[in-house]
1. Where does the chain land at 222 nm, in deg cm²/dmol rounded to the nearest 500, when only DSSP H runs of n ≥ 4 count, each adding -39500 (n - 2.57), divided by all residues?
2. Compute the FRET efficiency between Ala33 and Lys5 as 1/(1 + (r/R0)^6), taking r as their Cβ-Cβ distance and R0 = 25 Å, and round to the nearest 0.05.
3. For a paramagnetic label modelled at 7 Å from the Cα of Ala12 toward its Cβ, which residues of segment 26-44 fall within the zone defined by backbone nitrogen distances under 15 Å?
4. What is the magnitude of the charge dipole of the chain about its Cα centre, with +1 placed on the Cβ of each Lys and Arg, -1 on the Cβ of each Asp and Glu, and no other charges, expressed in debye to the nearest 20?
5. Taking R0 as 41 Å, what's the FRET efficiency between Lys23 and Arg72 from their Cβ-Cβ distance, rounded to 0.05?
Amino acid sequence: MADWKSKALKGAMKAMNNPTVMKIVSNEKTQKAFAQAFKTTYTLKTQIDEKKADVARRMNLATSDDLRSMKRELDRLQRQVARLKKEAKEKEEAEAEAEK
């Protein structure tokens, strides 16, 4: 996929050096069409994401956002457990030293 992307980008950059392409791209109508296409794409993606989230909620499924949030929470809890274990070990060592 990345190879395809890089080839497409190289092709686009090569085309931009063509005077005819530059003339077309600099045209106000073309720029408005590109802007509208990007806006429509963004709107459509947003609507699809909202529908996916709605379906996931209705079916009681975890979304990628839910999983990401749970992973962050799990990482935080694991760090906290490690810190508490370290503190407990240090406390035990200090108490053992005090008993000597």
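Every number in this text was worked out from the coordinates using simple rules, so none of it is lab data. Since we're looking at a predicted model, the values are computed, not measured. Neighbour counts run over all protein chains shown; Cβ positions are idealised from the backbone, glycine included.
1. Numbers: 4 runs with 90 residues, N = 100.
The helix contribution divided over the chain gives -31500 deg cm²/dmol.
2. On the way: r = 23 Å, r/R0 = 0.91.
Efficiency for this residue pair is about 0.65.
3. Under 15 Å, as judged by backbone N against the label point of Ala12, lie 26, 31, 34-39, 41-42 of segment 26-44.
4. Numbers: 24 positive and 16 negative charges, 202 e Å.
Result for the chain is approximately 960 debye, rounded to the nearest 20.
5. Numbers: r = 50 Å, r/R0 = 1.21.
For Lys23 and Arg72, the calculated efficiency is 0.25.
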